[in-house]
Amino acid sequence: MIETERLRSRLRELENARDEIIETGIKINRLSKSVIYSLIRDDIESARKYINEMQGLVNKLKSLISQYPMYYNNAVISLQEYVEAMSMWYYIIEGRLPTPEELGVDAEPYINGIADFTGELSRKATEELIKNNLDFALKAKRILEELYLDLLSLEPRDFEMRKKVDYVSSNINWLNEKIFYKTLSVKPGALEQK
């Protein structure tokens with residue numbers, strides 16, 4: 001009736017490809033967190049090492065989803081995590097955010113990764129506040145506000161993406177509160193010079 005041997009072979013190939021995409025994505029997710037954690041701790045060399053390892057896996061993932069596009073949804077979260085980590089890297093090292101073209105990703109993982117980056121930038125700003133680096137926190141606050149307005153202007157229809165935009169707003173509020181409490185301990189007039 002049907003060519004069971006050929007179909008079985010193709011089915012195993014697809015199952016193995018899906019498994020490899022998922023496993024590669026899990027490794028990317030772990031490395032992404034390692035990059036971010038290293039950057040928050042100012043451990044640039046470890047972050048660089050993790051990025052090099054992560055980049056190879058991202059290239060592998062892109063190749064797999066190019067060959068098996070039906071499994072793109074199994075990879076999109078990992079691409080988002082990659083964008084989040086690389087955004088943190090570019091911001092800390094170069095003072096800017098990467099473009100989707102530089103990272104080789106489409107709009108959805110890029111936008112969601114940028115939104116998630118705001119939470120990590122808030123964490124980094126809190127760490128800097130603990131070290132009395134109010135300037136970093138104030139600059140981060142301005143970046144978060146700019147990103148929030150940019151993301152709002154996209155008017156996303158996707159519910160999950162709209163939740164991410166709300167998440168950015170929450171990060172701004174959270175950081176504002178930390179800055180407020182930190183400025184209570186600053187000498188009068190110290191902020192007026194900025």
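Values in this text are rule-based calculations from the coordinates and carry no lab data. Remember, it's a predicted structure, so these values are computed and weren't measured experimentally. Cβ: placed from backbone, ideal geometry, glycine included. Neighbour counts: every protein chain shown.
Brief remarks on what is shown
- Signed unit charges on C-beta, dipole axis of the range 7-79, positive-most listed residue Asn73, Ala47, Ile28: Asn73
- Cα-based equivalent ellipsoid, the range 45-140: semi-axes from gyration tensor eigenvalues, Å: 29, 14, 10
- Comparing Lys178, Lys141, Lys131 in a Gaussian network model of the chain, where Cα atoms under 10 Å apart are tied by springs, the biggest mean-square fluctuation is seen for Lys131.
- When only the Cβ of Lys, Arg, Asp and Glu is charged (+1, +1, -1, -1), the dipole of the range 87-194 relative to its Cα centre reaches about 680 debye.
- Gaussian network model of the chain, springs between alpha carbon atoms under 10 Å - residue of Ser78, Ser66, Ser34 with greatest fluctuation: Ser66
- Using a Gaussian network model of the chain in which every pair of alpha carbons under 10 angstrom is joined by a spring, one finds that among Arg123, Arg142, Arg157 the greatest mean-square fluctuation is at Arg157.
- Using distinct alpha-carbon pairs, which all enter the 1/r mean, Kirkwood radius of the chain in Å: 18.4 Å
- For the range 27-99 versus the range 135-189, the inter-centroid distance based on Cα atoms is 23 Å.
- Average Cα contact separation per residue, the range 1-85, under 8 Å, 6 or more apart, as relative contact order %: 40 percent
- Helical mean residue ellipticity (222 nm; -39500 (n - 2.57) per DSSP H run of 4+; nearest 500) of the chain: -28500 deg cm²/dmol
- Where labels lie 7 Å past Cα in the beta-carbon direction, separation of Asp43 and Met1 in nm: 5.8 nm
- Each Lys and Arg adds +1 at its Cβ and each Asp and Glu adds -1 at its Cβ; summed about the Cα centre, the chain shows a dipole of about 460 debye.
- Cα pair count fraction exceeding 16 Å, expressed as % - the range 106-185: 47 percent
- Placing +1 on the Cβ of every Lys and Arg and -1 on the Cβ of every Asp and Glu, with nothing else charged, gives the range 111-166 a dipole about its Cα centre of roughly 120 debye.
- Measuring nothing but how far apart in sequence close Cα pairs (under 8 Å, 6+ apart) lie, relative to its length, the range 67-194 scores a relative contact order of 23 percent.
- Ordering Phe159, Thr126, Leu147 by Cα displacement along the dipole of the range 106-185 toward the positive end leaves Thr126 in first place; charges were set at the Cβ atoms of Lys, Arg (+1) and Asp, Glu (-1).
- Potential lengthening between Glu160 and Glu146 on full extension [0.36 nm per residue; Cα-Cα distance subtracted]: 3.0 nm
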